[in-house]
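The values are calculated or read from the model by the stated rules, or taken from the named source; none is laboratory data. The structure presented is a predicted model; accordingly, all values stated were derived computationally and were not measured. Every residue, glycine among them, receives a Cβ derived from its backbone with ideal geometry; neighbour counts consider all protein chains shown. Accessible surface areas use protein heavy atoms only, side chains included; no ligands, DNA or RNA. Shrake-Rupley method; radii C 1.70, N 1.55, O 1.52, S 1.80 Å.
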Amino acid sequence: MSVLEMNNIQKHFGDLEVLKDISLSVNKGEVLSIIGPSGSGKSTLLRCAVNLEKIDGGKITYNNDVMADTQNGKVMYAKKNELKKIRDSFGLVFQNFNLFLKKTALQNVMEGLIVVKKMKKEEAERIAREQLKNVGLLDHANHYPRHMSGGQQQRVAIARALAMEPKLLLLDEPTSALDPELVGEVLDTIKKAANEGYTMLLVSHEMSFVRNVATRVIFLDGGKILEDGTPREVFGNPKNERVKEFFTKINRMEEPDYSI
């Protein structure tokens with residue numbers, strides 16, 4: 001069953017064509033990772049998927065509900081109440097944590113449950129504490145963002161997204177704003193969620209992580225999909241010459257400059 005369908009997506013910024021007739025689907029239980037060089041259109045594609053960027057052509061569908069469609073050369077978006085229904089079906093985790101600075105970790109996770117789901121405070125707090133426990137931060141429930149490391153803040157952001165029980169979790173370079181020593185704790189949290197069966201669309205430059213956690217990988221470059229397959233296929237036996245070149249450079253960078 002398809003959770004997200006993007007068909008023939010086009011996106012321009014002025015004269016620059018960023019996405020060129022992109023089509024992809026994310027099926028229930030799948031962890032689909034989008035990789036590729038900087039400037040290839042990865043984050044733009046994800047932002048289009050969640051209506052943070054308007055598309056210039058194509059069709060986007062969530063669970064058979066049409067978010068956007070092109071009719072007679074014009075992109076038409078669903079009505080406001082229909083967009084809200086679609087928005088409630090997915091969760092977002094950004095590069096920058098986007099936590100409320102004047103709310104504790106617990107209050108940040110509770111916020112959506114109370115405001116969006118109209119949940120009673122007691123029930124919202126129970127769920128929020130459960131999610132903070134799942135990401136290893138229950139002991140930080142009463143801490144404000146300024147008293148937490150970047151890795152801890154990102155784990156709170158993930159807990160906040162999971163508390164809403166999204167049908168699809170979208171993560172846009174969730175570790176790119178972190179110091180290297182904090183990356184691992186966030187990746188462990190994402191891997192745990194993947195193992196629990198969450199459907200994910202993950203944009204990441206952490207190649208080894210993608211190789212281990214993704215069930216499917218798309219390689220994007222120049223606004224086009226150059227490879228689409230399992231991690232074994234894309235990483236181990238790419239067919240496109242540009243993709244082969246990319247991995248050759250990556251592997252060369254990971255090799256030690258000297259040996260003892």
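General remarks:
- Selected residue (only one of L45, L16 is within 28 Å of T175 (Cα to Cα), open to solvent by less than 70 Å² (accessible area, probe 1.4 Å) and of a type outside the set (K, R)): L45
- One residue alone among L101, L113, L138 is more than 19 Å from the chain's Cα centre (by Cα) and crowded, with 18+ Cβ neighbours inside 10 Å, and that residue is L113.
Yes/no matrix, rows are residues, columns are (1) open to solvent by less than 80 Å² (accessible area, probe 1.4 Å); (2) in contact (Cβ under 8 Å) with a residue 24 or more places away in the chain; (3) touching a strand residue (DSSP E or B) at 6+ places or on another chain (Cβ under 6 Å):
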{"position": "T199", "(1), (2), (3)": "yes, yes, yes"}
{"position": "A214", "(1), (2), (3)": "yes, yes, yes"}
{"position": "G223", "(1), (2), (3)": "yes, yes, yes"}
{"position": "K239", "(1), (2), (3)": "no, no, no"}
{"position": "T248", "(1), (2), (3)": "yes, no, no"}
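- Unique residue being under 27 Å from S204 (Cα atoms), of a type outside the set (D, E) and modelled with pLDDT under 95 when the list is G150, G73: G150
- Look at segment 104-116: where a residue is among the charged types (D, E, K, R), no partner that is surrounded by fewer than 18 Cβ atoms within 10 Å (Cβ to Cβ) and in a helix (DSSP H, G or I) sits 6+ places away or on another chain with Cβ atoms under 9 Å.
- Residue among V234, V186, V210 that is open to solvent by less than 50 Å² (accessible area, probe 1.4 Å), among the aliphatic types (A, V, I, L, M), assigned to a helix (DSSP H, G or I) and modelled with pLDDT of 95 or more: V234
- Per-region count, segment 161-182, residues open to solvent by less than 20 Å² (accessible area, probe 1.4 Å) and assigned to a helix (DSSP H, G or I): 3
- Qualifying residue in segment 62-79 (condition: in contact (Cβ under 8 Å) with a residue 24 or more places away in the chain, buried (at least 19 other Cβ atoms within 10 Å of the Cβ) and within 21 Å of the chain's Cα centre (by Cα)): yes
- Matching residues, segment 141-160, being part of a loop (DSSP other than H, G, I, E, B) and open to solvent by less than 10 Å² (accessible area, probe 1.4 Å): A141
- Test result for I86, surrounded by 14 or more Cβ atoms within 10 Å (Cβ to Cβ), of a type in the set (A, V, I, L, M) and farther than 26 Å from L113 by Cβ: no
- Odd one out for Q95, checked against (1) among the polar types (S, T, N, Q); (2) in a loop (DSSP other than H, G, I, E, B); (3) open to solvent by 70 Å² or more (accessible area, probe 1.4 Å): (3)
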